[in-house]
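J.: Okay, here's the structure, questions in a sec.
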Amino acid sequence: MQMKSPFAILISGLSLLFIALSALIYRSIMDISSVDTAVPSLAESNGDRAVKDTVYVGVISRFSPNLIYEGYQPIMDYLSDATPYQFALRLSSSYEETISQLDRGDIQAAFLGTFLYLQARQSHPIKCLLKPLNSQFQPYFHSVLVTRADSPIQSIADLAGKRLALPSPLSFSGNWVLKVALQEHGLRASDLDSVHYFGFHHTVIYEVLRGNFDAGAVKDRVAEEFTNKGIRILAVSDPIPGSPIIVKSDLDSTISNAMKTALLKIDIRNPEDKKIVKNWDPEFFFGFTIAQDTDYDQMESILTASEELP
Amino acid sequence: MIQMKSLKTRILIFLGLLIIILLILISISVLYQWRSLIVENQRRNALSIAQTFSLYILDALIYQESGLLQAEGLIENHIHNFMAKNDQVKFIELYDQNGHAVVRSDYSNIDLENEKTGKLLVDPAESALTIYQSEIYGWILEVKLPLQIHSKSWGLLRMGFDADTMRHKLNQLFFTLFSFTILFIAIVMTAIYFRIDRLTRSLSQLVAEMNDFDLNNMAPMQMPASDDEIGFLVTNFEKMTNRLRQSRKQLLQAQKQMHQAEKLASIGRLASGVAHEINNPLHGLKSCLYAIEKEPHNLPQMVRYLALANEGIDHIALIVQKLLGFSHQQAKQVTKINLNEQINMVLSLLQFRIEQSRILLEMHLESQLPLIEADPHLIQEVLMNLLLNALDSFEADGKITITTATENDHTIGFTIADTGCGIADKNLDKIFDPFFTTKEEGRGTGLGLSVTLGIVEMHGGAIQVQSTVGIGTSFQVTLPIEENR
Ligand SMILES: Nc1ncnc2c1ncn2[C@@H]1O[C@H](COP(=O)(O)OP(=O)(O)O)[C@@H](O)[C@H]1O
Ligand SMILES: [Mg+2]
């Protein structure tokens, strides 16, 4: 018996240790409380900015508002950092709404479409400031006509009797199809089965993809997003001067000059700048160039062109 | 019971502990790995739900802001629908960019007064995933996501997910692994216990076998065969036993030869005495024959002389018979003998030597001495050896005292004391060694006392010696009355 007792003491000691250890582990297992602030959120934190004069910038509703915030808010952030002013977006529910905002003074500058600009400059005190460069560093863009990749439509001539989806009646792309492209192929709008306008360029693409429409017209930058995803480009317009950033004519020139300087400084061949434009809307990936009101004069004809020419 | 400290036991205990510790470590690491897997999974799940939901809320806020969407209570509706479908979502709260609550899934616990003071309730830019115990909902996994696009903020979404189910899972996991570990430890301990038990059992069996071991018992060992160290030990023990038996056989052989040699030596020493003993009757016979030859017709004289001659021949025959009896060699044969008779028998062989020298013989023989069970020839040898040594111890004259006595119910004893030269102290513990002698070559073999000791011990008796140089020596022998074995 005396031989066994050290053994028994050892065993009971070890079991006690084991139970204590188990209890400890159980507690640590069950205590799941934790704090983790390194959670991926939708955006980087909102650094405190000094209170500065705010310049409101409008954007025509060419895209859905969240897409506009995604692509345009970084430009505002950049401008706020690079100029002594605070820049903020003001979105609208329609193309015309942006013009009204300008009239009311709700916004001092705006991203307009080429067509809308041509129309608005006739009766509103605005001047264009800058226009974006394309991937060849040219200040142009193209409107394109698209169909589903598997569509039998091979040329504009095949569009007769088909359903056509267009962005806003005030978009250049829509006007180009109806007033230029169709006429070049001897068609008229009335030869189509139907024409429908949608709010956003992306909606046009989705409608074509869904098969609700046989063809659609959008900016090249939007069509390129879908060329590998079921969309085929049917026709491309001549180069069109890029959608301008405009300011109200009476805007303090120090503000417009500051905007100009900041945005012209962007050169994406410089890796620092490339980082800045990373989150910008693709239309502005390649920077800007100075825009003169006269740059757009040659396009004036599209305003007056009739949809019903032979 | 065999010591628990044997090498093998230690190794087994050490091994057992090692296995148990290893097992516990493995269980712990598995436990923590699964735990982090469960928690991480839950966190990711909650985060992705919250992110998806926040995208929707953000879109709704932006559309409302742009005037594209004018549905009343749209967000509230969505929150309630969402919660109805996701029972793991405990609460959803929406704050504006100033940190004030805009929409809550649960207004029951809200201090409205506090709310109205417009105090900042949350930091709308802070994104966090927190797990904590709330008084209302129990364990909650809370996700805070700012509704933000780049630097533009629309506020913050706060969603609470049920974390009690996760704790339930962890609890289950713990007890599963715990019982698994306990079970495994029990199995390991039992296995080790039985291993030790088997080991110690066969060891103690071996020890018992060794204790009971008897060279005379030729029965083989009763040990189960095993191929471990114990089996090895058993085989070797058996081999050793056989070698022991072998050498004991050789020893007995050698002892027998020694015995024989000593006996022959004693006979040689007796020879001169015996020759004298025979010589006297022979002279008498010769005288008788001479007288008869001289007067062959004196019949009465012839008859007397023939009777005398006959007596002489009888005497010679008796002496020869005694000598033959002494030299006779045979296995131990126990009979009931009278020690006194044996003493007289040996003395008769020595009679001549004693008479020759001027040695006084004193006898104190107990007349009622009980018979003892012993081999008469061997006892004679003992007496002969002791008496010869006593005779050898004298320079010229001296006295030999022979005493017999009953010691107790079981033993008798005899003493042979002389007044000879005595034994030096340094030799006292050597005299029983074979071949130890102080006598000149040819006279002493050094075997006498060793053979004597062997015979006495064989009969279960004992010898004691007392000696003083120059005064004398006394050998006291005790013998059991009944043979023990
Ligand atoms: N009675 C005795 N008196 C003195 N010495 C003795 C006596 N008995 C034995 N011894 C001593 O013991 C020795 C051993 O005796 P023993 O074995 O009989 O051999 P051995 O008689 O042949 O010498 C003797 O040599 C002697 O020295
Ligand atoms: Mg002797």
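The values are calculated or read from the model by the stated rules, or taken from the named source; none is laboratory data. The structure displayed is predicted, hence computed values, not measured ones. Using ideal geometry, Cβ is built from the backbone for each residue, glycine included, and neighbour counts are taken over all protein chains shown. Please note that ligands, DNA and RNA were not included when accessible areas were found on the heavy atoms of the full protein model with its side chains. Shrake-Rupley method; radii C 1.70, N 1.55, O 1.52, S 1.80 Å.
J.: Leaving out ligands and nucleic acids, and using a 1.4 Å probe, what accessible area per residue does the protein assembly as shown come to in Å²?
T.: 53 Å²
J.: In addition: Along Cα→Cβ, 7 Å out, is where each label goes; now give me the distance between the ones at B:GLU362 and A:LEU16 in nm to one decimal.
T.: 8.0 nm
J.: Still on this model: Which whole number gives the average count of other chain Cβ atoms within 10 Å of the Cβ atoms across peptide B:139-152?
T.: That works out to 6 on average.
J.: Give A:LYS278/B:LYS85; A:LYS219/A:LYS274; A:LYS260/B:LYS144; A:LYS248/A:LYS275; A:LYS278/B:LYS169 a once-over and call out the pairs whose C-alpha atoms are over 32 Å from each other.
T.: From A:LYS278/B:LYS85; A:LYS219/A:LYS274; A:LYS260/B:LYS144; A:LYS248/A:LYS275; A:LYS278/B:LYS169, over 32 Å: A:LYS278/B:LYS85; A:LYS260/B:LYS144; A:LYS278/B:LYS169.
J.: Average partner chain C-beta neighbours within 10 Å, per residue of A:24-35?
T.: That average works out to 6.
J.: If we sort B:273-281, B:186-194 on the protection proxy, mean other Cβ atoms within 10 Å, highest first, what's the order?
T.: Highest to lowest by the protection proxy: B:273-281, B:186-194.
J.: What dipole magnitude, in Debye to the nearest 20, does the protein assembly as shown give about its Cα centre under +1 on Lys/Arg Cβ and -1 on Asp/Glu Cβ?
T.: Dipole size: approximately 1620 debye.
J.: Now, a different point. Which net charge results for the neighbourhood of B:SER327, defined as the other residues with beta-carbon distances under 14 angstrom from its beta-carbon, given Lys and Arg at +1 and Asp and Glu at -1?
T.: Computed value for this residue: +1.
J.: Compute the helix-to-body angle for B:164-211: its Cα long axis versus the longest principal axis of chain B, expressed 0 to 90° and rounded to tens.
T.: Taking the Cα atoms of chain B, the angle to B:164-211 is about 0 degrees.
J.: On to the next question. Rank-order B:370-383, A:181-194, B:90-103 by packing density, defined as the average count of other C-beta atoms within 10 Å over each peptide's residues, highest first.
T.: Highest mean packing first, the order is B:370-383, B:90-103, A:181-194.
J.: Got a number for the accessible area of B:MET302? Probe 1.4 Å, square angstrom, nearest 10.
T.: For B:MET302, solvent-accessible area is about 50 Å².
J.: Per-residue HN-Hα couplings for the stretch B:432-438, Karplus 6.51 cos²θ - 1.76 cosθ + 1.60 at θ = phi - 60°, whole Hz, x for Gly and Pro?
T.: 8, 6, x, 6, 8, 8, 10
J.: Sort out for me the Cα centre separation of the stretch A:59-137 from the stretch B:275-315, rounded to whole Å.
T.: Between the Cα centre of the stretch A:59-137 and that of the stretch B:275-315, the gap is 177 Å.
J.: Could you pull out every residue, at least 5 positions away or on a different chain, whose amide H is within less than 5 Å of the one on B:ILE423? Hs are placed 1.01 Å off N in the peptide plane, and Pro or chain starts have none.
T.: The answer is B:THR468, B:VAL469.
J.: Given Cβ point charges of +1 (Lys, Arg) and -1 (Asp, Glu) and nothing else, what value in debye, to the nearest 20, does the dipole of chain B about its Cα centre take?
T.: Here chain B has a charge dipole of around 1040 debye.
J.: I'd like the FRET efficiency for B:LEU306 and B:GLU457, computed as 1/(1 + (r/R0)^6) with the beta carbon distance as r and R0 of 60 Å, rounded to 0.05.
T.: 0.75
J.: Quick one: with all protein chains in place, what share of the accessible area of chain A is carbon or sulfur, to the nearest percent (1.4 Å probe)?
T.: Its accessible area is 53 percent carbon and sulfur atoms.
J.: In Å, what Kirkwood hydrodynamic radius results for the stretch B:330-485 from the alpha-carbon pair distances?
T.: Evaluated over the stretch B:330-485, this radius sits at 16.0 Å.
J.: Helix B:229-294 versus the longest principal axis of chain B: what is the Cα-based angle in degrees, 0 to 90, to the nearest 10?
T.: The angle comes out near 0 degrees.
J.: Set the Förster distance to 41 Å, then compute FRET efficiency between A:GLU184 and A:THR54 from the Cβ-Cβ distance, nearest 0.05.
T.: 0.35
J.: Next question, about the same structure. Sort largest first and round to whole Å: the equivalent ellipsoid semi-axes of the protein assembly as shown, each the square root of five times a Cα gyration tensor eigenvalue.
T.: Listed largest to smallest, the semi-axes of the protein assembly as shown are 143, 28, 23 Å.
J.: State, in square angstrom and to the nearest 100, the accessible area buried between chains B and A, both chains counted, probe radius 1.4 Å.
T.: 4200 Å²
J.: For peptide A:66-76, compute the average count of partner chain beta-carbon atoms within 10 Å of each residue's beta-carbon.
T.: Taking all residues of A:66-76 together, the mean is 4.
J.: Work from the charge dipole of the stretch A:82-128 (Cβ charges, +1 for Lys and Arg, -1 for Asp and Glu, about the Cα centre) and give the residue of A:THR98, A:PRO84, A:GLY113 farthest towards its positive end.
T.: The Cα lying farthest towards the positive end belongs to A:PRO84.
J.: Now for a different question. Where Rh is the Kirkwood radius over the Cα pairs of chain A, the temperature 25 °C and the viscosity 0.890 mPa s, what D in µm²/s does Stokes-Einstein return?
T.: 108 µm²/s
J.: Additional query: Could you tell me which residue out of B:GLY160, B:PHE232, B:LEU58 lies farthest along the dipole of chain B toward its positive end? Charges go on the beta carbon: Lys and Arg +1, Asp and Glu -1, centred on the Cα centre.
T.: Sorting the options by dipole projection puts first B:PHE232.
J.: Let me ask something additional. Please work out the C-alpha center-to-center distance from the stretch B:184-215 to the stretch A:245-265 and express it in whole Å.
T.: When both Cα centres are located, 99 Å separates them.
J.: Calculate how many DSSP beta bridges within chain A are antiparallel, expressed in % of all such bridges and rounded to the nearest 5.
T.: Percentage antiparallel, nearest 5: 60.
J.: Under a 5 Å amide H to amide H cut-off, with H placed in plane at 1.01 Å, what residues pair with A:TYR197 once short-range neighbours are removed?
T.: A:LEU166
J.: How much length is gained if the chain between A:ALA149 and A:THR289 is pulled fully straight, taking 0.36 nm per residue apart and subtracting their Cα-Cα distance, in nm to one decimal?
T.: Extra length from A:ALA149 to A:THR289 when fully extended: 46.9 nm.
J.: Here is a further query. So how tilted is helix B:339-356 from the main axis of chain B? Cα-based, degrees 0 to 90, rounded to 10.
T.: 50 degrees
J.: So what is the calculated 222 nm ellipticity per residue for chain B, using -39500 (n - 2.57) for each DSSP H run with n of 4 or more, over all residues, to the nearest 500 deg cm²/dmol?
T.: -20000 deg cm²/dmol
J.: Please report, in debye to the nearest 20, how large the charge dipole of chain A is about its Cα centre when each Lys and Arg carries +1 at its beta carbon and each Asp and Glu carries -1 there.
T.: Around 960 debye, computed over chain A.
J.: Straight-line reach from B:LYS286: which lysines have a Cα under 25 Å away, not including same-chain ones fewer than 8 places off?
T.: Leaving aside lysines fewer than 8 places away in the same chain, those within reach of B:LYS286 are B:LYS294, B:LYS322.
J.: Now a separate question. Mind pulling the per residue volume of the convex hull built on the Cα atoms of the stretch A:143-237? Å³ is fine.
T.: Given the Cα convex hull of the stretch A:143-237, per-residue volume reads 77 Å³.
J.: If you project the alpha carbons of chain B onto the principal axes, what extent comes out on each, in Å, largest first?
T.: Answer, in whole Å and largest first: 189, 43, 42 Å.
J.: Using a Förster distance of 22 Å, how high is the FRET efficiency between B:GLN260 and B:GLU440, based on the Cβ-Cβ distance and rounded to 0.05?
T.: 0.45
J.: Let me ask another. So what does A:ARG210 come to for accessible area, using a 1.4 Å probe and Å² rounded to 10?
T.: 150 Å²
J.: Cβ neighbours within 10 Å, averaged per peptide: list A:141-151, A:117-127 in order, most packed at the top.
T.: A:141-151, A:117-127
J.: At a threshold of 8 angstrom on Cα-Cα distance, excluding pairs fewer than six apart, so keeping six or more, what relative contact order does chain B reach in percent?
T.: Normalised by residue count, the contact order of chain B is 9 percent.
J.: Looking at the calculated P(r) for the stretch B:7-171, what percent of the C-alpha pair distances fall above 24 Å?
T.: Percentage above 24 Å: 48.
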